[in-house]
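As structure tokens, the structure follows; a few thoughts come after it.
The values are calculated or read from the model by the stated rules, or taken from the named source; none is laboratory data. What you see is a predicted model; the values in this text were computed from it and never measured. Positions of Cβ are backbone-derived with ideal geometry, glycine not excepted, and every protein chain shown enters the neighbour counts. Heavy atoms of the whole protein, side chains included, go into the accessibility calculation; ligands, DNA and RNA do not. Shrake-Rupley method; radii C 1.70, N 1.55, O 1.52, S 1.80 Å.
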Amino acid sequence: QKEVEQNSGPLSVPEGAIASLNCTYSDRVSQSFFWYRQYSGKSPELIMSIYSNGDKEDGRFTAQLNKASQYVSLLIRDSQPSDSATYLCAGPVGTGNQFYFGTGTSLTVIP
Amino acid sequence: GAVVSQHPSWVICKSGTSVKIECRSLDFQATTMFWYRQFPKQSLMLMATSNEGSKATYEQGVEKDKFLINHASLTLSTLTVTSAHPEDSSFYICSATARATNSPLHFGNGTRLTVT
């Protein structure tokens, strides 16, 4: 099992819909998680961090963490074409001198 | 928010020459910096991890003599691609994390290297 596994997609949703992106993780990963968005030809940018069980909302984005199931997700409400990108989940190992990334989910929002 | 500055953003060099890429954390001290390479439509590939004041740890298959990493201070790491060849053409991205629990990775804007 990979340390962080991500549903690889690709995922297509119509504009205005909810996009759901998911990751599972192994016991090796410390239980803080980060979601990154990467546009084509650009470097990843941090969009959400979550450290505690439950939901964390930031604008149209909601991150969900379920430590019992070792599952983390990102919901994007009212999806916009500008949300079309690859989304990466990541978690640190130990004290943070190592990070594991999922393989990324390519999201396309169709106008 | 935390900012990581990477220079240059793009570089074209001739085969056989060396190229240095700088990565700076502008408003935090980066205990650890990571260097990634990404080919078109592929995932990030970790090349090496560097901790301030110590030798970098290279991933399997990455030639340490070809990709020289120096992390001389808590705010600066450099990657030098020595004797570059066309197959080294890629998008190189650095990232850094601060000395704090739950600190995320912050990425530089990347350097697009083209070797002719």
**Prompt:** Within segment A:64-93, what residues put their amide N at less than 19 Å from the label point 7 Å along the Cα-to-Cβ vector of A:Lys56?
**Reply:** A:64-77, A:87-93
**Complete:** HN-Hα couplings for segment B:52-65 via Karplus (6.51, -1.76, 1.60; θ = phi - 60°), in whole Hz with x for Gly/Pro, come out as 3, x, 9, 5, 6, 9, 9, 6, 4, x, 9, 7, 5, 7
**Item:** Disulfide-incompatible cysteines by the Cβ rule (no partner under 4.7 Å) in the protein assembly as shown
**Value:** B:Cys13
**Asked** Relative contact order for chain A using alpha-carbon pairs under 8 Å, separation at least 6, rounded to a whole percent?
**Response** 37 percent
**Item:** Rounded to the nearest 10 Å², the accessible area of A:Tyr71 at probe 1.4 Å
**Value:** 80 Å²
**Request:** Sort A:Glu3, A:Glu45 by accessible area with a 1.4 Å probe, largest first.
**Result:** A:Glu45, A:Glu3
**Request:** Report, to two decimal places, the Cα Rg of the protein assembly as shown normalised by 2.2 N^0.38 Å (N = number of residues).
**Result:** 1.03
**Accessible surface, segment B:1-42, averaged per residue in Å² (probe 1.4 Å)** = 57 Å²
**Message:** Tell me whether segment B:1-46 comes out rounded, prolate or oblate; compute the Cα gyration tensor, take square roots of the eigenvalues as a ≥ b ≥ c, and use a/c under 1.5 as the rounded threshold.
**Reply:** oblate
**Message:** Taking amide H atoms as placed 1.01 Å from N in the peptide plane, list the residues 5 or more away in sequence, or in a different chain, whose amide H sits under 5 Å from that of B:Asn109.
**Reply:** B:Gln6
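Round to a whole number: what % of the accessible area of chain A belongs to carbon and sulfur, probe 1.4 Å? Please list the in-between numbers first.
Details: 2400 of 5080 Å².
Summing carbon and sulfur atoms, their accessible area is 47 percent of the total for chain A.
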**Asked** Where nothing but the Cβ of Lys and Arg (+1) and of Asp and Glu (-1) is charged, how large is the charge dipole of the protein assembly as shown around its Cα centre, in debye to the nearest 20?
**Response** 340 debye
**Prompt:** Residue farthest toward the positive end of the dipole of chain B, with Cβ of Lys/Arg at +1 and Asp/Glu at -1: which of B:Ser77, B:Ala98, B:Val4?
**Reply:** B:Val4
**Request:** Give the percent of DSSP beta bridges with both residues in chain B that are antiparallel, rounded to the nearest 5.
**Result:** 90 percent
**Complete:** With a 1.4 Å probe and ligands and nucleic acids left out, the total accessible area lost when B pairs with A, in Å² to the nearest 100, equals 1300 Å²
**Prompt:** Tell me, Kirkwood radius of chain A from alpha-carbon pair distances, in Å?
**Reply:** 13.9 Å
**Prompt:** lysines within cross-link reach of A:Lys67: Cα-Cα under 16 Å, excluding same-chain residues under 8 positions apart?
**Reply:** A:Lys56
**Asked** Rounded to the nearest 20 Debye, what is the dipole magnitude of chain B about its Cα centre when Lys and Arg each give +1 and Asp and Glu each give -1 at the C-beta?
**Response** 100 debye
**Asked** If the cut-off is a Cα-Cα distance under 22 Å, which lysines reach B:Lys41, setting aside same-chain residues fewer than 8 apart in sequence?
**Response** A:Lys2, A:Lys42
**Item:** Average partner coverage of A:28-39, which counts Cβ from other chains inside 10 Å
**Value:** 2
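Once the cut-off is 23 Å, how many percent of the Cα-Cα pairs in chain B end up in the long-distance tail?
So the pairs more than 23 Å apart make up 23 percent of the total in chain B.
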**Fill in**
Straight-line reach check, B:Lys55, cutoff 13 Å on alpha carbons, 8 or more apart in-chain or any other chain, hits among aspartates and glutamates -> B:Asp65
